[in-house]
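Here's the structure, in structure tokens; my notes come after.
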Amino acid sequence: MEDFLEKMAELFEEDTVELTDSIVDFDAWDSLTSLSIIAYSGEEFQKSITSAQIIEAKTIGGLYELLKSN
């Protein structure tokens, strides 16, 4: 989980992120960030996700749950 939070902070250009943080509220949220998350999910979780699924996850915690689910 700590590695995931560190990676999300890096992708969203923040010092830290919390599980309750809203994905779309980050200043760095854009299509490039979405693509970076999609690439990360494939590399680290062997999971293929879409931009719509990222938005539907709503929070960093929701995204983590999406990536951990089968």
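Bear in mind these aren't lab numbers, they're just calculated from the coordinates by the rules spelled out. Fair warning: this is a prediction, and the values are worked out from it, not measured in the lab.
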query = Given H placed on each backbone N at 1.01 Å, which residues far from ASP21 in sequence or on other chains put an amide H within less than 5 Å of it?
reply = ILE60, GLY61
The chain: DSSP helices with Cα axial extent of at least 15 Å and average Kyte-Doolittle hydropathy no lower than 0.0 = 31-45
query = Computed over the Cα atoms of region 17-61, what is the ratio Rg over Rh, Rh following Kirkwood?
reply = 0.94
ask   = Expressed as a rounded percentage, what relative contact order does the chain have, with Cα pairs under 8 Å and six or more residues apart?
value = 34
query = How about LYS47: which aspartates and glutamates have a C-alpha closer than 15 Å to its C-alpha, ignoring those fewer than 8 places off in the same chain?
reply = GLU65
